[in-house]
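Asks: The structure is given below, and queries will be raised subsequently.
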Amino acid sequence: MSDEPDVGPRPRIDLHSHSSWSDGTTSVRELFADAAAAGLDVLALTDHDTVAGWEELPEAVAASGVAVVPGIEVSAEYDGRSVHILALLPDPAADTGLAVEMARARASRDERARAMVDRIGADHPLRWDDVTSQVADDSTVIGRPHIADALVAQGVVTDRSEAFAQILSPRGPYYVPYYAPDPVRVIELIREAGGVSIAAHPGSVTRGDALPLELLEAMVAAGLDGVEVHHREHGSDERERLSEFARRHDLLITGGSDHHGAGKPNELGENLTAPQVLEQIEARGTSGTRLIRP
Ligand code: AMP
Ligand code: FE
Ligand code: FE
Ligand code: ZN
């Protein structure tokens, strides 16, 4: 049809997104409806440290006509900094080493959020109830974005970005870290759970710093499958550098929007993954988890 927007080559595959089971602002069903409207054919659901949204995937796929790669964005910590690793097609069972570590991280996130709210509440009108009222479900993985939403609701800041730039900054007085496993351990656990591991937006990790590049190499040695080269946080130089790293180590190259609904400017489909790469991901996944197609 001539009035259809030019959406480029098909299939259009976006391998990174969040729902309100973590810090996205839309339900799984809305997320997939939005993915259809954005002209996507395949979307990975990669909520932080949880598979809670997976249950809703069959229905969301059927309603939207968009296929899903079930996934997780797993939190890790290295040298005091947060490192994110995408686990695509892992076993979602609660007794894998991966699930056990994620449960520990979620519990620590909860304590940490309460501690941050205590600190912020000493200077600003913010109580724990203000945060829980921003959260979709008791099982939601709580993060700084939910504290940001509460600060917006209280009129302290105008949006999440302002909250992150000021009150929630890791360099500010209110920041509290949370437990997350070592990245090398996370790579091993994803592999044990039969999943495919992709270093999420690693450019900010490697930028101008020799030690974190060593970390990426250690992750490769532990069995890292791929690198998310195409991401809004990477400029063209960064993409070139990471592509070269991926070619040198024979890693998969992926792209994703890291869409968080209204919580971030990232638009569904703004970065994509090549169809041949998705085929390799499907071939490498060894758990029973498969793509769900309409
Ligand atoms: P946390 O894991 O609780 O430390 O919070 C980090 C999360 O906040 C990341 O997953 C991002 O999605 C989100 N985030 C980071 N910076 C911003 C920002 N400037 N605006 C909105 N969300 C952000
Ligand atoms: Fe997030
Ligand atoms: Fe991330
Ligand atoms: Zn993400």
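The values are calculated or read from the model by the stated rules, or taken from the named source; none is laboratory data. Just so you know, these numbers come straight off a predicted model, no measurement behind them. Heads up, the Cβs are rebuilt from the backbone with ideal geometry, glycines too, and the neighbour counts pull from every protein chain shown. The area values use the complete protein model at the heavy-atom level, side chains included, leaving out ligands, DNA and RNA. Shrake-Rupley method; radii C 1.70, N 1.55, O 1.52, S 1.80 Å.
Asks: What pairs come up if the first residue lies in the stretch 18-34 and is under 15 Å from Glu55 (Cα atoms), the second is at pLDDT below 95 and near ligand 1 (Cβ under 10 Å from one of its atoms), and their beta carbons are under 9 Å apart, counting only those six or more places apart or on different chains?
Replies: If the second residue must be at pLDDT below 95 and near ligand 1 (Cβ under 10 Å from one of its atoms), the pairs left are His18/Gly263; His18/Lys264.
Asks: Which condition from (1) modelled with pLDDT of 95 or more; (2) touching a strand residue (DSSP E or B) at 6+ places or on another chain (Cβ under 6 Å) is the one that Arg239 breaks?
Replies: Result: Arg239 passes all but (1).
Asks: Looking at the stretch 261-285 only, could you name the residues that are outside any helix (DSSP H, G or I) and surrounded by 15 or more Cβ atoms within 10 Å (Cβ to Cβ)?
Replies: The answer is Gly261, Gly263, Lys264, Asn266, Leu268, Gly269, Glu270, Asn271, Leu272, Thr273, Ala274, Gly285.
Asks: Just to be sure, is Ser75 of a type in the set (Ser, Thr, Tyr), buried (at least 24 other Cβ atoms within 10 Å of the Cβ) and within 15 Å of ligand 2 (Cβ to nearest atom)?
Replies: yes
Asks: Looking only at the stretch 241-260, filter to residues that are assigned to a loop (DSSP other than H, G, I, E, B) and away from ligand 1 (no atom under 16 Å from the Cβ); which one of those is most open to solvent (accessible area, probe 1.4 Å)?
Replies: Ranking the candidates gives Asp250 first.
Asks: What's the number of the condition Gly226 fails, among (1) open to solvent by 20 Å² or more (accessible area, probe 1.4 Å); (2) small (Gly, Ala, Ser); (3) more than 16 Å from ligand 1 (Cβ to nearest atom)?
Replies: So the condition that Gly226 fails would be (1).
Asks: Next up: Would you pick out the residues in the stretch 22-48 that are within 16 Å of ligand 1 (Cβ to nearest atom), surrounded by fewer than 24 Cβ atoms within 10 Å (Cβ to Cβ) and assigned to a loop (DSSP other than H, G, I, E, B)?
Replies: Listed by number, the residues that qualify are Thr25, Thr26.
Asks: Out of curiosity, is Ser169 of a type in the set (Ser, Thr, Tyr) and more than 29 Å from Met116 (Cα to Cα)?
Replies: Answer is no for this residue.
Asks: Still on this structure, I have one more. Considering only residues that are within 30 Å of Asp123 (Cα to Cα), in contact with a Leu (Cβ under 9 Å, 6 or more places away or on another chain) and open to solvent by less than 50 Å² (accessible area, probe 1.4 Å), which ones fall in the stretch 164-196?
Replies: If the condition is that a residue be within 30 Å of Asp123 (Cα to Cα), in contact with a Leu (Cβ under 9 Å, 6 or more places away or on another chain) and open to solvent by less than 50 Å² (accessible area, probe 1.4 Å), then Ile167, Leu168, Tyr174 are the ones that fit.
Asks: Gly97 is checked against (1) surrounded by fewer than 19 Cβ atoms within 10 Å (Cβ to Cβ); (2) within 25 Å of His259 (Cβ to Cβ); (3) of a type in the set (Gly, Ala, Ser) and fails just one. What number does that condition carry?
Replies: Of everything listed in (1) surrounded by fewer than 19 Cβ atoms within 10 Å (Cβ to Cβ); (2) within 25 Å of His259 (Cβ to Cβ); (3) of a type in the set (Gly, Ala, Ser), Gly97 misses just condition (2).
Asks: Is it the case that Ala221 is over 23 Å from Leu40 (Cβ atoms) and open to solvent by less than 40 Å² (accessible area, probe 1.4 Å)?
Replies: In short, no.
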